[in-house]
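The values are calculated or read from the model by the stated rules, or taken from the named source; none is laboratory data. Just so it is clear, the structure is predicted and the values come from calculations on it, not from any experiment. As a convention, Cβ positions derive from the backbone with ideal geometry for all residues, glycine included, and neighbour counts pool all protein chains shown.
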Amino acid sequence: MTVPKSSAGSSLLSDRDPMAAMMRGMMGRCPNCGVGPLFDGFLAVNDNCPHCGEALYHHRADDAPPYIVMSIVSIAVIGVMFWMEIAYAPPLWVHAVIGLPLTVVMSLALLRPTKGMMVALQWAKRMHGFNPRHSGGDS
């Protein structure tokens, strides 16, 4: 679907800066105003921003944030484990004592900012119902 252009050449719907929105989302703030909280709980997204009233229930982050986090964490933890094995050759229990907590802490630390960035990116790109001219469907 194309967005109609105004006479000045800009779209009738105001442009949204994806980088600014993603930074706000990463910080757990509304991608529109940057003031209201994005989350109501650890990962539950507010239906509307309590500050500006922006509708946020359209998001479809689904499984993307966990997959992104799993990719980042696995690369980092496996890299640390390989480095430890080559440099020090520690016993397996040392790998477990370092690797398991590192995996859990990194996953929990990255999951919320990643989901916030994903919701904000969808908002900035007017995906999944964030476009008021969108008639429905999954585009």
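Filtering region 28-71 down to residues that are small (Gly, Ala, Ser) and in contact with a Pro (Cβ under 8 Å, 6 or more places away or on another chain), which residue is surrounded by the fewest Cβ atoms within 10 Å (Cβ to Cβ)?
Step one: list which residues in region 28-71 are small (Gly, Ala, Ser), which gives 28, 34, 36, 41, 44, 53, 55, 61, 64, 71.
Now drop any that are not in contact with a Pro (Cβ under 8 Å, 6 or more places away or on another chain), which leaves 28, 36.
Working: 28: 13, 36: 19.
The extreme case among them is 28.
Out of all the residues in region 101-122, is one or more charged (D, E, K, R) and within 17 Å of the chain's Cα centre (by Cα)?
Taking region 101-122 and keeping what is charged (D, E, K, R), we get 112, 115.
The next check asks that each one be within 17 Å of the chain's Cα centre (by Cα); those that pass are 112, 115.
Yes, region 101-122 contains a residue that is charged (D, E, K, R) and within 17 Å of the chain's Cα centre (by Cα).
Just a yes or no: is a residue in region 15-27 exposed (fewer than 14 other Cβ atoms within 10 Å of the Cβ) and either among the charged types (D, E, K, R) or modelled with pLDDT under 95 (or both)?
Among the residues of region 15-27, at least one is exposed (fewer than 14 other Cβ atoms within 10 Å of the Cβ) and either among the charged types (D, E, K, R) or modelled with pLDDT under 95 (or both), which makes the answer yes.
Kindly indicate which of 117, 127, 84 is surrounded by 14 or more Cβ atoms within 10 Å (Cβ to Cβ), of a type outside the set (S, T, N, Q) and assigned to a loop (DSSP other than H, G, I, E, B). Let's see the steps before the verdict.
Details: 117 fails: assigned to a loop (DSSP other than H, G, I, E, B); 84 fails: assigned to a loop (DSSP other than H, G, I, E, B).
127 is the lone residue from the list that is surrounded by 14 or more Cβ atoms within 10 Å (Cβ to Cβ), of a type outside the set (S, T, N, Q) and assigned to a loop (DSSP other than H, G, I, E, B).
With respect to residue 72, determine if the residue is more than 18 Å from residue 129 (Cβ to Cβ), touching a residue at least 12 places away in the same chain (Cβ under 8 Å) and touching a Ser or Thr at 6+ places or on another chain (Cβ under 6 Å).
Details: more than 18 Å from residue 129 (Cβ to Cβ): yes; touching a residue at least 12 places away in the same chain (Cβ under 8 Å): yes; touching a Ser or Thr at 6+ places or on another chain (Cβ under 6 Å): no.
It is false that residue 72 is more than 18 Å from residue 129 (Cβ to Cβ), touching a residue at least 12 places away in the same chain (Cβ under 8 Å) and touching a Ser or Thr at 6+ places or on another chain (Cβ under 6 Å).
Which of the residues belonging to region 85-114 are in contact with a Leu (Cβ under 9 Å, 6 or more places away or on another chain) and within 17 Å of residue 34 (Cβ to Cβ)?
So the first thing to find is which residues in region 85-114 are in contact with a Leu (Cβ under 9 Å, 6 or more places away or on another chain), and the list is 111-112.
112 - this is the single residue of region 85-114 that is in contact with a Leu (Cβ under 9 Å, 6 or more places away or on another chain) and within 17 Å of residue 34 (Cβ to Cβ).
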